[in-house]
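Right, one structure below, let's go through it.
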Amino acid sequence: MPEWTSQVRRGILEYCVLLLISKRPSYGYELVTVLNRWEPLAITEGTLYPILRRLVKEKYLESYWKESESGPPRKYYSLTADGRTLLETMSYEWRNIAEAVDQIEMQER
């Protein structure tokens, strides 16, 4: 995978993780399963957990343990107020970038 693809993908994965958690609190394996529905977003737990730890450390996410009906307790993640602000900023930037790229693609040569 070219380096630029890796860099772009890393930022998009963080954005998608925040988007998913904004819809409802989620645990790590659940996020991996959902993201794996789309091949370009497929992720391993080894890639996801460092993202989650960093977002918690930076106070964009908070985590808590919750009992599971089908096994051991799970660590859930939810957005903090700062996380919601970050997500709004990322959403705004993503729309602007996607629109600009679409415009470039549509330009006649």
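Could you check how much of the accessible area of segment 41-109 is carbon and sulfur, as a whole percent, using a 1.4 Å probe?
Roughly 52 percent, rounded to a whole number.
Quick one: Cα centre-to-centre distance for segment 52-71 and segment 23-45, in angstrom?
Answer, in whole Å: 14.
If you build a Gaussian network model of the chain, linking Cα atoms that sit under 10 Å apart, which residue out of 49, 92, 27 swings the most?
Among 49, 92, 27, the largest mean-square fluctuation in the Gaussian network model of the chain belongs to 92.
With springs only between Cα atoms under 10 Å apart, run a GNM on the chain and tell me which of 91, 22, 70 wobbles the most.
In this elastic network of the chain, the residue with the biggest mean-square fluctuation among 91, 22, 70 is 70.
Rounded to whole Hz and in sequence order, give me ³J(HN,Hα) for segment 74-88 from the Karplus expression 6.51 cos²θ - 1.76 cosθ + 1.60, θ = phi - 60°, writing x for Gly and Pro.
Those phi angles translate into 10, 8, 9, 10, 9, 6, 8, 4, 5, x, 5, 5, 4, 4, 4 Hz.
Given N residues in the chain, what is its alpha carbon radius of gyration divided by 2.2 N^0.38 Å?
1.21
In Å², what does the accessible area per residue of the chain work out to with a 1.4 Å probe?
In whole numbers, the chain has 73 Å² accessible per residue.
Would you please give the FRET efficiency between residue 6 and residue 58, computed as 1/(1 + (r/R0)^6) with r the Cβ-Cβ distance and R0 = 22 Å, to the nearest 0.05?
0.55
The values are calculated or read from the model by the stated rules, or taken from the named source; none is laboratory data. It should be emphasised that the depicted structure is a prediction, and the values quoted were computed from it without experimental measurement. Don't worry about glycine lacking a Cβ; one is built from the backbone with ideal geometry, like all the others, and counts go over all protein chains shown. Areas reflect the complete protein model, heavy atoms only, side chains present, ligands, DNA and RNA absent. Shrake-Rupley method; radii C 1.70, N 1.55, O 1.52, S 1.80 Å.
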